[in-house]
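Each remark here refers to the structure printed beneath this line.
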Amino acid sequence: MSKYFRSFIAFLTLGIVILACTLPIPSIPPASPTQNNGTATPPFSPGQVGTVVAMTLTALVPGGGNATTPEIGNTTTPVPGGSAGLLPHTFYYLGTDSAGLTQVFRLERDGTTRRQITSESVNVNDYDVSLVDGSVAYVANNQLLLINADGSNRHMLVDGGPLDPNNPFISSLSNPVFSPDGQTLAYGYKGLQLYTFSTGQSELVIENEIDDSGGGLFVPRELYSPERYSPDGTKLLITLSYYEGSSSAVYYPATKALVRLEGGEGALICCDDVEWSADSSSFYAASASSGMFSSGLWKVDASTGEVTTLIPGGTGGDNYNAAKEAYLAPDSQLYFFFGMVTSPEGTFSRSPLQLVRSAPDGVTGRTVLNGGDFQLLNEALWAPDASLVVVAFAPTQEVFQGGQAEVIYLDGRPNVVLTPFAQQMKWGP
């Protein structure tokens, strides 16, 4: 996958990266947790640079816009419609508290019992959940913090110190990622860091490459940030950020090998917008928008980095394929959202999508499982067995982060609303 783009796009991308890192977190007034009521500018952090870049570039094409985030109040009131065993695991997400600050929340498996886990005086930017005990690692005020599943024993693991406003990427903390066994925490800080809980020490395994441009300014040549471990814990997907754009790579902690992607020209494979296969041998990336990057569906071999195009974006003329949130389940079937778009300009930011299932190639035996309208899908979280998927629906076309979280069943049962707003949705134990 090429990391080189036209000079204009390169300049624009770097500008967006710097802007995303330096924007102050807005103060969001509290609002009632009602669908489509009240919007506020979403908080962006250095750990969300990839998301900001992709979202902003998408917004440049027709139909895009400035994203705004619906609010959710801090509440312990049960969510209507829940039942015992509604969810396969506990459900974590970012929402806003009564002060309008972004915090980590959890829903229990009954889908009704909600608990606020963090109570920071500033916005929580990035977080992850231990699948072993439900503890949460998160970034706030450029500090890496750890807290128990019940919200107790909050303590700091790493202090990133103050950010240089001219070069925020140099010392910004971002993207904590637990290993499946809960023994290691990967995070971004001056490169790719691995924190070992048994020793309480961090190791910088790949250092960021930064060029001094003079005058106190620095340019990122290649930055490294973790995204997610493979299910078996032997591989770590990371995002590579450049002056010219972003890409992905697979890091092997045992051998310290870095496998870069090869092929897939024009594919958007970065910034955690991927899903590992259940057997950890590959991961899938999909895009339902077209402009700077292509729409389509791709499979990446984790051992070689080879990118295979399963569904190309263009189909000839003004017609395009669009796909999103592909997951190869344990039953060896590929589940994803798919649709076709007509665009004379070849650019679009959203697509009409349906929930489908196919063979691993994305084409053979492709069957519609849910013909509902998923055009406003911003984020999806698959149940490990693909029996259901939690979808965050944007309240409007112009919102590109988070939304109302609904359980979508694959057997025809009606949707269940979990919360009026969620982003960075994750399963816990």
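Out of the residues in region 391-403 meeting the condition of being outside any loop (DSSP other than H, G, I, E, B) and free of Cβ contacts under 8 Å to residues at least 40 places away in the same chain, tell me which one is most open to solvent (accessible area, probe 1.4 Å).
Among them, the one singled out is Phe393.
What is the number of the single condition among (1) closer than 25 Å to Arg106 by Cβ; (2) in contact with a Phe, Trp or Tyr (Cβ under 9 Å, 6 or more places away or on another chain); (3) modelled with pLDDT under 95; (4) open to solvent by 30 Å² or more (accessible area, probe 1.4 Å) that Gln424 does not meet?
Tallying (1) closer than 25 Å to Arg106 by Cβ; (2) in contact with a Phe, Trp or Tyr (Cβ under 9 Å, 6 or more places away or on another chain); (3) modelled with pLDDT under 95; (4) open to solvent by 30 Å² or more (accessible area, probe 1.4 Å), Gln424 fails exactly one: (3).
For region 196-241, which positions are open to solvent by less than 30 Å² (accessible area, probe 1.4 Å) and aromatic (Phe, Trp, Tyr)?
Those that are open to solvent by less than 30 Å² (accessible area, probe 1.4 Å) and aromatic (Phe, Trp, Tyr): Tyr224, Tyr229.
Suppose we filter region 204-220 for residues that are within 25 Å of Ala302 (Cβ to Cβ) and assigned to a loop (DSSP other than H, G, I, E, B); how many remain?
Residues meeting the conditions: 1.
Glu275 passes all but one of (1) outside any loop (DSSP other than H, G, I, E, B); (2) open to solvent by less than 10 Å² (accessible area, probe 1.4 Å); (3) modelled with pLDDT under 95; which number fails?
(2)
Which of (1) of a type in the set (Asp, Glu); (2) outside any strand (DSSP E or B); (3) modelled with pLDDT of 95 or more; (4) within 26 Å of Asp110 (Cα to Cα) is the odd one out, the single condition Glu406 does not satisfy?
(2)
Mind listing just one residue for me: the one in region 98-109 that is of a type outside the set (A, V, I, L, M, F, W, C) and within 13 Å of Thr419 (Cα to Cα) and, of those, surrounded by the fewest Cβ atoms within 10 Å (Cβ to Cβ)?
Within region 98-109, the match that is surrounded by the fewest Cβ atoms within 10 Å (Cβ to Cβ) is Glu108.
For region 242-265, which residues satisfy the criterion of being open to solvent by less than 30 Å² (accessible area, probe 1.4 Å), outside any loop (DSSP other than H, G, I, E, B) and in contact with a Gly (Cβ under 8 Å, 6 or more places away or on another chain)?
Hits for region 242-265 are Ser246, Ala249, Val250, Val259.
Does at least one position in region 295-312 carry a residue that is open to solvent by 50 Å² or more (accessible area, probe 1.4 Å), touching an Asp or Glu at 6+ places or on another chain (Cβ under 6 Å) and closer than 29 Å to Leu258 by Cβ?
yes
Only one of (1) in a loop (DSSP other than H, G, I, E, B); (2) surrounded by fewer than 21 Cβ atoms within 10 Å (Cβ to Cβ); (3) at pLDDT below 95 fails for Pro429. Which number is that?
(3)
Which one is surrounded by the fewest Cβ atoms within 10 Å (Cβ to Cβ) among residues in region 82-96 that are at pLDDT 95 or above and assigned to a loop (DSSP other than H, G, I, E, B)?
Restricting to residues being at pLDDT 95 or above and assigned to a loop (DSSP other than H, G, I, E, B), the top hit is Pro88.
Search region 117-171 for residues being of a type in the set (Val, Ile, Thr) and farther than 22 Å from Arg106 by Cβ, and hand back the single one that is least open to solvent (accessible area, probe 1.4 Å).
Val158
Restrict the check to region 221-233 and report whether at least one residue is over 17 Å from Lys299 (Cβ atoms), of a type in the set (A, V, I, L, M, F, W, C) and in contact (Cβ under 8 Å) with a residue 60 or more places away in the chain.
No, the conditions are met nowhere in region 221-233.
Which of the residues spanning region 339-358 are in a strand (DSSP E or B), open to solvent by 20 Å² or more (accessible area, probe 1.4 Å) and out of contact with any Ser or Thr (no Cβ under 8 Å at 6 or more places or on another chain)?
Result: Thr342, Gln354.
Yes/no per residue for (1) touching a Lys or Arg at 6+ places or on another chain (Cβ under 7 Å); (2) outside any loop (DSSP other than H, G, I, E, B); (3) in contact (Cβ under 8 Å) with a residue 60 or more places away in the chain; (4) on the phi > 0 side of the Ramachandran plot:
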{"residue": "Val300", "(1), (2), (3), (4)": "no, yes, no, no"}
{"residue": "Asp331", "(1), (2), (3), (4)": "no, no, no, no"}
{"residue": "Asp361", "(1), (2), (3), (4)": "no, no, no, no"}
{"residue": "Val389", "(1), (2), (3), (4)": "no, yes, yes, no"}
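Any residue at all in region 369-380 that's buried (at least 20 other Cβ atoms within 10 Å of the Cβ), assigned to a loop (DSSP other than H, G, I, E, B) and at pLDDT 95 or above?
Checked region 369-380: at least one residue is buried (at least 20 other Cβ atoms within 10 Å of the Cβ), assigned to a loop (DSSP other than H, G, I, E, B) and at pLDDT 95 or above.
Of Ala286, Ala254, which residue is in contact with an Asp or Glu (Cβ under 9 Å, 6 or more places away or on another chain) and of a type in the set (A, V, I, L, M, F, W, C)?
Every option except Ala286 fails the conditions.
Do any strands (runs of 3 or more DSSP E) entirely within region 101-193 hold 2 or more residues that are in contact (Cβ under 8 Å) with a residue 60 or more places away in the chain, and if so, which?
102-107, 127-129, 174-178, 184-188
Which residue is farthest from Arg221 (Cα to Cα), if the candidates are limited to region 194-203 and must be of a type in the set (Ser, Thr, Tyr) and assigned to a loop (DSSP other than H, G, I, E, B)?
Only one residue fits best here, namely Ser198.
The values are calculated or read from the model by the stated rules, or taken from the named source; none is laboratory data. A quick note: this is a predicted structure, and the numbers were derived from the prediction, not measured. FYI the Cβ positions are ideal-geometry reconstructions off the backbone, even for glycines, and counts take in every protein chain you see. The area values use the complete protein model at the heavy-atom level, side chains included, leaving out ligands, DNA and RNA. Shrake-Rupley method; radii C 1.70, N 1.55, O 1.52, S 1.80 Å.
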